[in-house]
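Colleague: Got a structure here, written out as structure tokens. Questions coming.
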Amino acid sequence: MSHSSVFNSQLVKLTDDNLDEHIFELYSENAPPNNLGFVNKNSDNVTISIPESNIDLNVRQSISQLSSKQTTSTTGYICWSTSVHVADWLLSPICPFKLSKSQVLLELGSGVGGICASTLSKLVYHYIATDQKHILKLLKENIAANVPSYKSSTLPNSSSKSNINIDVIEFDWEDVESGSYNLSIVEKRPVDVLLACDTIYNEFLVGPFINTLQTLLHKNAYALVAIQLRDAITIERFVTELVHADGLSTYVVPSNLLSDGLKAGYQIYYVVKDI
């Protein structure tokens, strides 16, 4: 199914006219899960199962870094359930967004687990996982441990014979210029798909994240933004600012297009450049 057919027939465009109703429905019809959404907060070494796809990943995270007092964000040091559900959904027949070997995919805020990178990189031409600098060491280790063979300019043990092309770069949304430069080193083509899982968990992130979407999206690209429904104030601000963002159009992916895992406590938005 093409993006245009999905886009025209099944997605719901968010506007000022239906924004309040959508935000109300998020929390009245889509009950938030009864936990914060971490996969496992008790061990640094976890096995993560992608349920419908029969994939198991062995991932190293850092519980101690999560609770450290460092000034940089620490949430990326452990794995969150949104990535598990999104990876499973994008691999499933129900998902209307079919990734292809012609696409360059950039993931914003990959976290240390590399869950989406390890499972989805085989579907696209080039998968680029990104995060802040302090996350990258573990992210690289986990991808290298879970992808048997890959071609890469940023990961060890690269194989020129592999048909999986994957890289890891620093991309801080507060410094889009530097992130874009890092991107240009590993890929000259424009990005076709932006993917973001559970990247909006406080209000401070909203502006920089939307600015990054505005910078990276072009007329032939789209973004899939997955959120877990936690703090209603943060989510309301994010969705409202996204709808009002210059040059972007935002659509709700309805529940009938989502997997069972995403129907309870999550929402997916499809974002494109205004044409």
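Colleague: Which of the residues that make up the stretch 192-215 are in a loop (DSSP other than H, G, I, E, B) and open to solvent by 10 Å² or more (accessible area, probe 1.4 Å)?
Modeller: Once the filter is applied, which keeps residues that are in a loop (DSSP other than H, G, I, E, B) and open to solvent by 10 Å² or more (accessible area, probe 1.4 Å), the stretch 192-215 yields D192, D198, Y201, N202.
Colleague: Within the stretch 78-88, track down each residue that is open to solvent by less than 20 Å² (accessible area, probe 1.4 Å) and either under 12 Å from the mean Cα position of the chain (by Cα) or within 10 Å of D198 (Cα to Cα) (or both).
Modeller: Across the stretch 78-88, the qualifying residues are T82, S83, V84, V86, A87.
Colleague: Among the residues of the stretch 116-146, count how many are surrounded by fewer than 24 Cβ atoms within 10 Å (Cβ to Cβ) and either among the small types (G, A, S) or not in a helix (DSSP H, G or I) (or both).
Modeller: Residues flagged as surrounded by fewer than 24 Cβ atoms within 10 Å (Cβ to Cβ) and either among the small types (G, A, S) or not in a helix (DSSP H, G or I) (or both) within the stretch 116-146 amount to 6.
Colleague: A further question on this structure: Hey, among the residues in the stretch 152-169 that are surrounded by 16 or more Cβ atoms within 10 Å (Cβ to Cβ) and not polar (S, T, N, Q), which one's farthest from Y127 (Cα to Cα)?
Modeller: Once the filter is applied, the top-ranked residue is L155.
Colleague: Okay, moving on. Quick check on the stretch 180-188. Is at least one of its residues open to solvent by 30 Å² or more (accessible area, probe 1.4 Å), of a type in the set (K, R), assigned to a loop (DSSP other than H, G, I, E, B) and out of contact with any strand residue (DSSP E or B) (no Cβ under 9 Å at 6 or more places or on another chain)? I'd like the intermediate steps shown before the answer.
Modeller: Restricting attention to the stretch 180-188, the residues satisfying the condition of being open to solvent by 30 Å² or more (accessible area, probe 1.4 Å) are 180-182, 184-185, 188.
Restricting the remaining residues to those that are of a type in the set (K, R) gives 188.
Checking which are assigned to a loop (DSSP other than H, G, I, E, B) leaves us with 188.
In the following step, the residues that additionally are out of contact with any strand residue (DSSP E or B) (no Cβ under 9 Å at 6 or more places or on another chain) were identified as 188.
Yes - at least one qualifying residue is present in the stretch 180-188.
Colleague: From the residues in the stretch 218-267 that are out of contact with any Lys or Arg (no Cβ under 8 Å at 6 or more places or on another chain) and under 14 Å from V193 (Cα atoms), which one is most open to solvent (accessible area, probe 1.4 Å)?
Modeller: Selected residue: N220.
Colleague: Oh, and also: Exactly one of (1) at pLDDT 95 or above; (2) within 17 Å of the chain's Cα centre (by Cα) is unmet by I135. Its number?
Modeller: (1)
Colleague: Then there's this: I'd like the residue in the stretch 170-179 that is in a helix (DSSP H, G or I) and closer than 23 Å to C79 by Cβ and, out of all such residues, is most open to solvent (accessible area, probe 1.4 Å). Even if it seems obvious, please write down each step before you answer.
Modeller: Let us first name the residues in the stretch 170-179 that are in a helix (DSSP H, G or I), namely 173-179.
Checking which are closer than 23 Å to C79 by Cβ leaves us with 173, 179.
Numbers: W173: 35, G179: 2 Å².
The residue in question is W173.
Colleague: Please work out which one of (1) open to solvent by 10 Å² or more (accessible area, probe 1.4 Å); (2) at pLDDT 95 or above; (3) under 20 Å from L19 (Cβ atoms) is the condition S149 fails and give its number.
Modeller: (3)
Colleague: Among (1) outside any loop (DSSP other than H, G, I, E, B); (2) basic (K, R); (3) modelled with pLDDT under 95, which single condition is R237 missing?
Modeller: It fails just one condition, (3).
Colleague: If you go through the stretch 240-266, how many residues are touching a helix residue (DSSP H, G or I) at 6+ places or on another chain (Cβ under 8 Å), more than 14 Å from Y201 (Cβ to Cβ) and assigned to a strand (DSSP E or B)?
Modeller: 4
The values are calculated or read from the model by the stated rules, or taken from the named source; none is laboratory data. For clarity, every value in this text was computed on a predicted model and none was experimentally measured. Cβ coordinates were reconstructed from backbone atoms using ideal geometry, including for glycine residues, and neighbour counts include every protein chain displayed. Side chains are part of the model used for accessible areas, which takes the heavy atoms of the whole protein and leaves out ligands, DNA and RNA. Shrake-Rupley method; radii C 1.70, N 1.55, O 1.52, S 1.80 Å.
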